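Scroll down for the structure; my scribbles are underneath it.
The values are calculated or read from the model by the stated rules, or taken from the named source; none is laboratory data. The model shown is predicted, which means the values in this text are computed figures rather than measured ones. No Cβ is skipped: glycine too gets one built from the backbone with ideal geometry, and neighbour counts run over all protein chains shown.
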Amino acid sequence: MTDSFDSTPPTPAGMPKKVAGCNHPRGTHAPKHWVVAETLYEGREPTVLVDGKYPRRFANLNRVTIAPNAAIARQLGLLVKQCLTSRRFTADRTRLACGASINMVAAPIAGPFGQVRAVTLWAGAVGEELPPPPQVGVVEWDAEVVVSASAAARSLLLDDKPVGQTMLPEMLACFDRFDDRFDFLALLRLSDPVDQWIGGATRTFVDGTMHRLHLGARACGTGVARAVRAVVCDITDVEPPVAPDVYSRALRHAPIPAGHALALIDLSGFVIHDWVANHGDPIGMWAHHRPLLHPDDRQQIRATGFEMLVGTRTTASVRVRIRFDAADEWIELESHWTRIVTGAQPQVLADIALVGSMPPSIVDMCTRCRLLSEGAA
């Protein structure tokens, strides 16, 4: 599935434009594949994430393989800008020096809030049928790591679950393998974060097939205004899935007492990026809800996190109160922290448990939590 607005190609107006410099033998002018260009932030030049069978790292659009010469590459750049402006499927036609005519098309990929965050490009002979479009989705998250996903991204990451928003741990838990996790977390660092990242992931779809995903993310802003956007592309046809990560798989199958959860916390951004509990346990279902921390407990959490970040302590026990809505009662939790990774991206593994019984919560009305609970019964 690909997010777009209007997939009906307009009829090119006027006579084809003639450009010079055909570098291909007659009849073999343009490779028959799609290019995926990110347009994640306005005011930046589009860059290439996928060029047919080649995953790219924010490559220059002027060097795409579907352009037989530099003039065609420039026209593709103009086509991307037209597609961004119109938010519609856009087409143009040109004639090469050898006399061959080719069509160029651009299709918009919408983000979860409607803006065009990527464009797919194709060039081929006039009259040639377009190949199947690539599967491309867009995810965005804010400083609270609340993740919003487009329909195509939900298909690629969440098996079409009817959810517009979730939390970062649930998104990352979808992967059997997530490459370059530490580099990804550097996007969310509180001090000196990076502003772009390229990574790969392996994921098993609901039908049992394994898929290889290619992701490119950009970030901007600081503090509470920090925002990250990413394009996710299914490249299984050109790059085989990588074997699952044994350490992540072991964590997800660790023996955990009822009412407990294991959390992986990145100290540089103070972000929980993994949340593991027994299947069907209510505490495990918090992975797709954003908790609210009791105001009186915030300073204790900050101080403990800083001490573990700088290394003045490697273990800690912390009691906190959370809830998921202002109308809820506070839920008391006891947690035991152990720093397990040092360096630029220090990590904490926390064992988190309920203290006493769980009071009623807005989470109890969550359809997805109810379905997960019923599925575990």
note = Exactly one of Asp297, Asp234 is at pLDDT 95 or above, among the acidic types (Asp, Glu), surrounded by 14 or more Cβ atoms within 10 Å (Cβ to Cβ) and in the same structural domain as Ser191 (by TED's automatic domain parsing), and that one is Asp234
key: Positions within region 283-313 being under 16 Å from Thr166 (Cα atoms) and outside any loop (DSSP other than H, G, I, E, B), in sequence order   = Ile283, Gly284, Met285, Trp286, Ala287, His288, Leu292
ask   = Has region 138-148 got at least one residue that is touching a residue at least 40 places away in the same chain (Cβ under 8 Å), more than 28 Å from Ser86 (Cα to Cα) and not aliphatic (A, V, I, L, M)?
value = yes
inquiry  = Restricting to region 123-148, and then to whatever is crowded, with 24+ Cβ neighbours inside 10 Å and within 20 Å of Val50 (Cα to Cα), can you tell me which residue is modelled with the lowest pLDDT?
reply    = Ala123
query = When residues of region 72-87 are filtered for being more than 17 Å from Ser101 (Cα to Cα), hydrophobic (A, V, I, L, M, F, W, C) and surrounded by 17 or more Cβ atoms within 10 Å (Cβ to Cβ), how many remain?
reply = 3
key: Criterion: under 20 Å from Tyr41 (Cα atoms) and surrounded by 21 or more Cβ atoms within 10 Å (Cβ to Cβ) - qualifying residue of Ala201, Ala217   = Ala217
query = If you take the residues in region 355-365 that are surrounded by fewer than 18 Cβ atoms within 10 Å (Cβ to Cβ) and in contact with a helix residue (DSSP H, G or I) (Cβ under 9 Å, 6 or more places away or on another chain), which one is modelled with the lowest pLDDT?
reply = Asp364
key: Scope region 330-345; condition closer than 15 Å to Phe270 by Cα and either surrounded by fewer than 19 Cβ atoms within 10 Å (Cβ to Cβ) or outside the structural domain of Arg313 (by TED's automatic domain parsing) (or both); matching residues   = Thr338, Ile340, Val341, Thr342, Gly343, Ala344, Gln345
task = Looking only at region 224-246, count how many residues are assigned to a loop (DSSP other than H, G, I, E, B) and either hydroxyl-bearing (Ser, Thr, Tyr) or within 22 Å of Phe205 (Cβ to Cβ) (or both).
result = 11
query = Somewhere in region 247-267, is a residue part of a loop (DSSP other than H, G, I, E, B), buried (at least 16 other Cβ atoms within 10 Å of the Cβ) and not hydrophobic (A, V, I, L, M, F, W, C)?
reply = yes
query = So Arg321 fits all but one of (1) surrounded by 15 or more Cβ atoms within 10 Å (Cβ to Cβ); (2) more than 29 Å from the chain's Cα centre (by Cα); (3) outside any strand (DSSP E or B); what number is the exception?
reply = (3)
